[in-house]
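Derivation of every value follows stated rules applied to the coordinates shown; laboratory data play no part. As the structure is a computational prediction, the values presented were derived from the model and not from experiment. Positions of Cβ are generated from backbone atoms using ideal geometry, with glycine treated the same way; all protein chains shown enter the neighbour counts.
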Amino acid sequence: MAGELTSFLEEREDRYRRLEYLLYMAEKDGLRKFNKDDLVEFGHLYRIAAADLARARFVLRSPILAEYLNELVGRAHHMIHRKSSNIVKSFAWFVAYDFPMTFRKEINPILLAISLLVGAALVGGISYQFDHKWGQLMLADPNLRQYEADLQSGPAHLASGDISQDAMAAASGFIITNNIQACIGASAGGILFGLGTFFALSSNGFLLGVIGSMFLSKSFAHQLYFWAGILPHGVLELPAICIAGGAGFLFARGLLIPGKISRGEALRLEGVNAVKLIGGVILLLIIAGLIEGFITPIPSAYMPHWLKLLFAACLFTGLVLYLWRSGSREEDKEPVERAQRSTTHLRLE
């Protein structure tokens, strides 16, 4: 019996030491910082230790080994099945690491969404310049016609920059409502094999192009007022629409390119990152709403137009740096090729 126990320990010692090390790292930093291979190895070693515990108790009959394995298995079980009670810490992790890392991993569908939105906006803006009525007929929105009429029939002093606050508020409120609807449609439309996402991005890009062209066809004062009234919150809303569109294309990718698994399973896998992107979109829209409610309406006498444009430029720069750099140290801990793989690559391997 002693010889069998010695042979057993020599065969298993390296695995137990490795499990101890992984437990130390998990208890220190949490399982979230494990990469895919470490998580798989951790689960594998946990199952081996659990099986060895039964053998140590009933076959080898070694109280010391059984006590050691019981403690090891108990710690591992706690790490795997425990529920996080620190909501604030989980939210901070999502904002600082999870969302920007997911954004970079799934950059291709997001770039596709950006291309569709910008292309449709160019078509809408150009069409309005050539034929105002045609641009509106494509949308058939009474609110759009109303504040275009306000611009056309405004008093002569509008050209000096004293543009109606009511007209600008109507335009701004219409855009924020439309952008929220666009985010919902762009993300949920992916379930229709991407057709809903394509339509949402195209139609809303066209709308934004028509609205921008309305102001750009007026005086410089109108243009300055438009950009100062839209960009402080628009630099967050427009990226949010594109990210939501990227999430929609992720759903579509799971349905159209299931790989070696069923479409339902592929949709579930792609949905993990899509939901993370949607969570980031909600965060961006909340911040944009606060800016529109408390900063955008500030009269030019207290916050000049150039200052609002400077604020928008700084905010957009900060957003780009956040999305491109935040969480990059976590990615550096993994091999570069693994950090850059999307869920599609993992499914097709």
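Quick notes
- Approximating the spin labels as points 7 Å out from Cα along Cα→Cβ, the Lys33-to-Phe58 distance works out to 3.9 nm.
- Other residues whose C-beta falls under 12 angstrom from the C-beta of Leu255 contribute a net charge of +1, scoring Lys and Arg +1 and Asp and Glu -1.
- Residue-by-residue Karplus 3J(HN,Hα) for the range 253-264, coefficients 6.51, -1.76, 1.60, Hz, glycine and proline x: 5, x, 7, 8, 10, x, x, 8, 10, 6, 5, x
- Pairs from Lys105/Lys260; Lys105/Lys276; Lys36/Lys105; Lys33/Lys105; Lys89/Lys276; Lys276/Lys308 whose Cα-Cα separation, in the structure shown, is over 19 Å: Lys105/Lys260; Lys276/Lys308
- Charged side chains reduced to their Cβ positions (Lys and Arg at +1, Asp and Glu at -1) give the range 2-82 a dipole of some 340 debye around its Cα centre.
- Cβ-derived FRET efficiency at R0 45 Å, Leu307 paired with Arg18, nearest 0.05: 0.20
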